[in-house]
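Report on the structure given below.
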Amino acid sequence: FIAFLIWELTEDHPIVDLSLFKSRNFTLGTIIFCLGNGVFFANMILMPLWLQTQLGYTATWAGLVSAPTGVVAVLLTPLAAGLMARADARLVASIAFAAAAASYFLRAGLTNDASFIAIAIPLMVQGVASASFFIAVVMITLDAMPPARIPAASGLANFVRIIASGFAASIVTTLWDNRETLHQSRLADATSAYAPQFNAALAALRSMGLDDLAAKAAMTRGMEGQAYLLASLDIFTLSAWLCIGLIGLLWLCHRPASDATLPAAD
């Protein structure tokens, strides 16, 4: 690895131009690009996974409830592009992260009996973030970059972003399972012969015709569903605070040029 770094830093035409990271905006912009896209990608995986495995949604309905994100993004992208010509790109990106944080906080208030509309509204808010996030962060990342270096810079930033998305997919599924295990163990602490609420719930199930084993199996399934719900809410809340933190990181960048048109490579 050290030999690779020495080679790339001293070669006239390196495969990976690490000298790009000398630019403050490129370095911070790439970090923001990776983390922001990673959070978005992780939640894009988690939401349908939770809906289909725990709430009984089919793949079709899970896709339909996520559709507002794309619809809103398509409608607002032209407006976001026009805004970039007049406003500070850091402000536009901040609005995107604020909208994303609002979306995740709204999701953190969901329950297992949430309606279709209750689930769709936070995803609609996410569309506001998707419409302006990418274009604003790319403007910040490539600000003041010489035209001849833009292909290398954009390629490196996108490569790192894709790698970060892969890590995000692995991290979110592992975290979801680990948090579910933690919450289920805590919920199981309340399922004893000395817990009045637990005994009352078992008695209600028995009165509906279930035998003791079936009643306990139903309680276990309900407890598992609640544990996955709590695990999902943990991740939604963490995602919201990460987006808020990235807003602060944005304002450490230099203000990019207001010209919304990036120079083309020679």
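The values are calculated or read from the model by the stated rules, or taken from the named source; none is laboratory data. All values reported here derive from a predicted model rather than from experimental measurement. Positions of Cβ are backbone-derived with ideal geometry, glycine not excepted, and every protein chain shown enters the neighbour counts. Surface accessibility is based on the protein's heavy atoms, side chains included, excluding ligands, DNA and RNA. Shrake-Rupley method; radii C 1.70, N 1.55, O 1.52, S 1.80 Å.
Karplus-based coupling profile of the range 25-35, in residue order and whole Hz: 5, 5, 5, 5, x, 5, 4, 5, 4, 5, 5, with θ = phi - 60° in 6.51 cos²θ - 1.76 cosθ + 1.60 and x standing for Gly or Pro. Working note: Debye formula, equal point scatterers on the alpha-carbon atoms of the chain, no solvent; log10 I(q)/I(0) at q = 0.08, 0.09 Å⁻¹ is -0.44, -0.53. A simple spin-label model places pseudo-atoms 7 Å from Cα toward Cβ; at Thr53 and Asp189 they are separated by 2.4 nm.
Counting only protein heavy atoms and using a 1.4 Å probe, the accessible area of Trp61 comes to about 130 Å². Remark: the range 233-240, residue by residue, has Karplus-estimated 3J(HN,Hα) of 5, 4, 5, 4, 5, 4, 4, 4 Hz, where x stands for each Gly or Pro and the curve is 6.51 cos²θ - 1.76 cosθ + 1.60 at θ = phi - 60°.
Note that the range 61-77 has calculated 3J(HN,Hα) couplings of 6, 5, x, 5, 6, 8, 4, x, 4, x, 4, 5, 4, 5, 5, 8, 4 Hz, one per residue in order, obtained from phi through the Karplus relation 6.51 cos²θ - 1.76 cosθ + 1.60 (θ = phi - 60°); glycine and proline are x.
A dipole drawn for the chain from +1 and -1 charges on Cβ atoms has a positive end, and of Ile171, Ala136, Ser115 the residue lying farthest that way is Ser115. A 1.4 Å probe, protein heavy atoms only, puts the accessible area of Leu213 near 140 Å².
If you put +1 on each Lys and Arg Cβ and -1 on each Asp and Glu Cβ, how big is the dipole of the chain around its Cα centre, in Debye rounded to 20? Before the final figure, lay out each step's value.
On the way: 13 positive and 16 negative charges, 93 e Å.
Approximately 440 debye in magnitude.
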